[in-house]
Amino acid sequence: MYLRQTTRRYKDKTYTNHLLVESVHTPRGPRQRVICSLGSLEPAPAEAWLGMAHRLEAALQGQVSLPGSPAPIADHTEKARRGTRGARRSAQAATIEVEADRVAMEESREAGSVHVGHQMWQQLRIDPILRRAGLSPRARVLTEAMTLNRLIAPRSEHAMPDWMRRTALSDILRVDFSALDDDVLYRNLDRLHPKRESIERELAAQEKTLFNLDNTVYLYDLTSTYFEGQVRRNPQAKRGYSRDQRPDCKQVVVGLVLDRDGFPKAHEVFDGNLQDHRSLAPMLDALEKRAGKPAGATVIVDRGMAYAENLAQIRERGLHYLVAGLQSERNAWREDFEHDEGWEDVVRVPSPRNPLQKKTRVQIKRRSKDDVVYILCRSEGREDKDRAIREKHEQKFLADVQKLQQRVAKGRLKQPDQIQQAIGRLRERYPRVARYYAIAYDADHAQLVWHEHADKKARATKLDGSYLLKTDRHDLTADDIWRTYILLTRVEAAFRAMKSPLMERPIFHHLQHRTQTHIFLCVLAYHLLTAIEHRFLQAGIHTSWWTLRQQLSTHHVATIVLPTTSGRVLTIRKGTTPEPVHRDIYTTLRIPAEVMRPVKSWQPRKYSDDNKR
């Protein structure tokens, strides 16, 4: 123990006070604890204060002063005793005697992935965005819970309440979900639907500030999502070209715009039979509402939106374009593709996730015509893919031609006009390979005849693996243009993420507004996923949310049951100690390692007895 002097000035007068202080050991290291205040010890000299502290410590330990010692310090000793007893009582309050054989652990719930999702939700400041959108506290909590479900273990609204009760979501959000049912979640979809645009607009602006994002490049592409069951009350649910290989199901088409770093900027839900090129104008309108008018930015789209009218729509908004050219445009550059002069290799670095990865060879050649820059590309990897696709289509085409030939030969199809219609349907069904074959009906012999255009097929084979890019950006090199166009694969990765780990498909909702809100929740969950993976990329770590989710599955919240010798039971609800892999994840994401603050409660002895039986 020692004495510490403090001073305080009041109305031009200085007051001195002395504190009796002791050093104590804590989990965070040595700390000083004040035992009591002794007031002013003057006029005693300062050199006598240390001796007084020693005598006080001795008196507190029960020692009696020797005859002839300095004046008694009983008053100060009594003050010190009162202060020491208070400190001991607070220390004893945290100390209990436990029956070790009866200690138990209950209600263990997965917490790691929920903790990460909740912390990223807070880092993106989504809750204030929902509040400004007019959602009540209850609606904001439900929206977060439903979004975290899509991020971690997607379920239907019917199964979602059970998932919430099986995780530590209630502990982390401090909300009781024990009485939650699916009807409440459906009603929350209804409340959330009219707020989607304002939420998406504010969130995009928020992320741009938080992550210092670049708004000079926009990546746009489409995908389809199919329904399960009979859908009669959704006018957008229609049959069309299915990217999910489910032509038997009705579907909707989803358009998504990302920035260069992969963060969503805008999304729209279209009719299931909408053609790709007809979606560009409404998507650009949606982007303008969410991100303003980004004059001078470059819009990257795929071949399906490379028509002249689409490029004009982009230019009318003061934007640049970078697209893959149509098949007919590529054929116009056939001679340049066939000549080996002027090609340059693209230097491709293996992925940090797989340093042994072998990149296929890509060659590019720059050409200009009519104020448009064309980049001719040849890819070894794409050559194998193009050949495999053509051969697959060719096998199916020839099989259908033979079936039609047999129908004509057996007299099942006799009318010439019907036969011509059947031939037209074949050409329409297989446009990639039908142009390499001549098919005709020989009325004199009542048979279908066909032969192969070998020269056309040979020319097409030479163009396997080749494709054409075009842009109005003259300030970019050929290498820059190719690498910028390849960013479009991030939209494809986004669709894969939304369809696989986030389980956007299949859709079970029958109402249009609930279908749209379901897709919006998937996009909201993708915001969290992108932010999580972006944090790791900033730290130089290439990983995926799927991998992180598996690693976090071992961090739990549990209730520790401690029966005491006094007859009562202490229960402590707290998170398990994070393992090194958990701490590394939390450190990278800049979130606390503590999942929740411990919650202590005392229960009667019967709690433990019932549990043991």
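The values are calculated or read from the model by the stated rules, or taken from the named source; none is laboratory data. Just so it is clear, the structure is predicted and the values come from calculations on it, not from any experiment. Neighbour counts run over all protein chains shown; Cβ positions are idealised from the backbone, glycine included. Side chains included, ligands, DNA and RNA excluded: accessible areas come from the protein's heavy atoms. Shrake-Rupley method; radii C 1.70, N 1.55, O 1.52, S 1.80 Å.
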task: Could you state the angle between the C-alpha long axis of helix 112-123 and the longest principal axis of the C-alpha atoms of the chain, as a value from 0 to 90 degrees rounded to the nearest 10?
output: 90
statement: Measuring from its Cα centre, the chain shows a charge dipole (+1 at each Lys and Arg Cβ, -1 at each Asp and Glu Cβ) which, in debye to the nearest 20, is 1440
- prompt: Roughly how many Å² of T565 are accessible to a 1.4 Å probe, to the nearest 10?
  reply: 80
- prompt: With a ≥ b ≥ c the root eigenvalues of the C-alpha gyration tensor of the stretch 274-367, is it rounded (a/c under 1.5), prolate (a/b larger than b/c) or oblate?
  reply: oblate
- request: In whole Hz, with x marking every Gly and Pro, tabulate ³J(HN,Hα) for the stretch 296-305 from phi via Karplus 6.51 cos²θ - 1.76 cosθ + 1.60, θ = phi - 60°.
  value: x, 6, 10, 9, 10, 9, 8, 4, x, 10
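If we sort 133-141, 523-531, 391-399 on the protection proxy, mean other Cβ atoms within 10 Å, highest first, what's the order?
Values: 133-141: 15.6, 523-531: 23.8, 391-399: 14.0.
Final packing ranking: 523-531, 133-141, 391-399.
Using heavy-atom solvent-accessible surface (probe 1.4 Å) with all chains present, what is the largest-first order of W333, W545? Mind showing how you got there, number by number?
On the way: W333 35, W545 5 Å².
Result, largest first: W333, W545.
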- prompt: Near the amide H of V217, under 5 Å away, which other amide H atoms are found, from residues 5 or more places off or on another chain, if H is placed in the peptide plane?
  reply: R260, T298
- prompt: What are the aspartates and glutamates whose alpha-carbon lies under 14 Å from the alpha-carbon of K457, with same-chain residues fewer than 8 places away excluded?
  reply: D386, E391, E394
field: Charge context of G342, other residues only, Cβ under 10 angstrom, K/R +1, D/E -1
entry: -1
- line: To the nearest 10 degrees, the tilt of helix 196-211 (Cα long axis) against the first principal axis of the alpha carbons of the chain is 70
query: Heavy-atom accessible area of C377 with all protein chains present, probe 1.4 Å, nearest 10 Å²?
result: 0
query: Separation of the stretch 417-431 and the stretch 449-480 by C-alpha centroid, Å?
result: 26
message: For R348, what accessible surface area do you get with a 1.4 Å probe? Give it in Å², rounded to 10.
response: 80
message: Please report the spacing between the Cα centers of the stretch 241-309 and the stretch 153-188 in Å, no decimals.
response: 32
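Using packing as a proxy for protection, rank 209-219, 477-487 so that the peptide with the highest average count of other Cβ atoms within 10 Å comes first. Walk me through the numbers on the way to the answer.
Details: 209-219: 15.6, 477-487: 17.2.
Highest-to-lowest ranking by the protection proxy: 477-487, 209-219.
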query: What ranking, highest mean first, results for peptides 178-184, 286-292 when packing means the other Cβ atoms within 10 Å averaged over each residue?
result: 286-292, 178-184
- prompt: With all protein chains present, how much of the accessible area of the chain (probe radius 1.4 Å) comes from carbon and sulfur, to the nearest whole percent?
  reply: 48
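For the chain, what is the accessible area per residue in Å², given a 1.4 Å probe and the full set of protein chains?
With all protein chains present, the chain gives 53 Å² per residue.
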message: Using +1 at the C-beta of Lys and Arg and -1 at the C-beta of Asp and Glu, which of A179, S198, S156 has the Cα lying farthest in the positive direction of the dipole of the chain?
response: A179
task: Among (1) 31; (2) 53; (3) 48, find the value of percent of Cα pairs over 42 Å apart that was calculated from the structure presented, and write down its label.
output: (3)
- prompt: Using Cα atoms only, what is the angle between the long axis of helix 512-538 and the major principal axis of the chain, expressed in degrees (0 to 90) to the nearest 10?
  reply: 70
message: Through the Karplus equation 6.51 cos²θ - 1.76 cosθ + 1.60, θ set to phi - 60°, convert the phi angles of the stretch 149-164 into ³J(HN,Hα) values in whole Hz; use x for Gly and Pro.
response: 4, 5, 6, 9, 8, x, 9, 6, 4, 5, 8, 4, x, 5, 4, 4
